[in-house]
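Take a look at the structure below.
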Amino acid sequence: MNQKKVLAIGAHYDDMEQFCGGTLLLLRKQGYDILIAVLTAGECGTNELSAKEIVKIRQKEAKLGAKKIGAKVTCLNIRDGCVSYDLETTKKIVKLMREYQPQIIFTHPTVDYMTDHAHTGQLVLWAVPEATHPNFPVETNAPALEKQPWVYHTDPQGLIGLDGQIVRVNTIVDISEVVETKLSAFASHKSQIGFLKVESSGRTIDSVEKTRRWAITRGQQARVEYGEGFMQQLLEQYPRKNILSEALKDRVFTL
């Protein structure tokens, strides 16, 4: 396992920049290799274009956003809106993990407004243990992971949980010094930001400024200007040490 590899697994091309882009930037500055992997190509991110047309646009935007973070980007090409908690998808993620050999993984929470997000978080928890089992059948010659990676779940949409309250996190990263670059990387996804401009209520929203507000909220919890919140996965067999504290030092607050 490469000790300086980070895998950020999202459902859509803009997700990881929005939810953990600042932390990815800080880790890149510390010499970590960053791979953003998305499960879908974003076919549902339009009301006007064909699936083929929007996918082409979103691929270009994804490369630009990843470049601003210093990351590579790849897509597993599952149909947007069709991310299922199933064995076939789990095998694709296990294959990705074995071939990339990450030390740290970021992904969605297992409960979120967007089902593609929630299923992605659940699938990662299915895939991680199996990625360490040599006899789990995957079409790759890459070896099984030698040890279980650190897994961090990002905030859900709006920071809001099932009870309508801001969800609890156990880790906050101070992203104040890189917040503008994070927001610029997220803003690269112009087609998605335009698609989400009007809510179902008819209210116009600015997704970039909304993301800034989320960062202010998490920053306030740690008494810094801007933050990103994470729930470190601490189920049995997952590492107990907070590796982000070791990598990013005093920028990390454990709650």
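The values are calculated or read from the model by the stated rules, or taken from the named source; none is laboratory data. Treat the numbers as computed from the prediction; the structure is a model and nothing was measured. Because the Cβ atoms are built from the backbone with ideal geometry, glycine has one as well, and the counts that use them run over all protein chains shown.
Could you give me the residue pairs with C-beta distances under 7 Å whose first residue belongs to segment 1-15 and is within 15 Å of LYS67 (Cα to Cα), whose second residue is at pLDDT below 95 and part of a loop (DSSP other than H, G, I, E, B) wherever it lies, and which are 6+ apart or on separate chains?
Close Cβ pairs satisfying both conditions: TYR13/GLY42; TYR13/HIS189; ASP14/HIS189.
Tell me which residues, restricted to segment 9-58, are modelled with pLDDT under 95 and at positive phi.
Answer for segment 9-58, where residues must be modelled with pLDDT under 95 and at positive phi: just GLY42.
At pLDDT 95 or above and of a type in the set (Asp, Glu), is that true of GLU180? Walk me through how you get there before you give the answer.
Details: at pLDDT 95 or above: yes; of a type in the set (Asp, Glu): yes.
So GLU180 passes the test.
Please enumerate the residues belonging to segment 238-255 that are in a loop (DSSP other than H, G, I, E, B) and surrounded by 10 or more Cβ atoms within 10 Å (Cβ to Cβ).
Looking only at segment 238-255, we keep the residues that are in a loop (DSSP other than H, G, I, E, B), and these are 238-242, 255.
TYR238, PRO239, ASN242, LEU255 - these are the residues of segment 238-255 that are in a loop (DSSP other than H, G, I, E, B) and surrounded by 10 or more Cβ atoms within 10 Å (Cβ to Cβ).
So which residues in segment 75-89 are surrounded by fewer than 20 Cβ atoms within 10 Å (Cβ to Cβ) and part of a strand (DSSP E or B), if there are any at all? It would help to see each step written out before you state the result.
Initial filter on segment 75-89 (surrounded by fewer than 20 Cβ atoms within 10 Å (Cβ to Cβ)): 75-77, 79, 81-82, 84-88.
Hits for segment 75-89 are CYS75, LEU76, ASN77.
Kindly evaluate ASP112 against the criterion of being loosely packed, with under 15 Cβ neighbours inside 10 Å and either among the aromatic types (Phe, Trp, Tyr) or at pLDDT 95 or above (or both). Before the answer, list the steps.
Details: loosely packed, with under 15 Cβ neighbours inside 10 Å: no; either among the aromatic types (Phe, Trp, Tyr) or at pLDDT 95 or above (or both): yes.
Against the criterion (loosely packed, with under 15 Cβ neighbours inside 10 Å and either among the aromatic types (Phe, Trp, Tyr) or at pLDDT 95 or above (or both)), ASP112 does not qualify.
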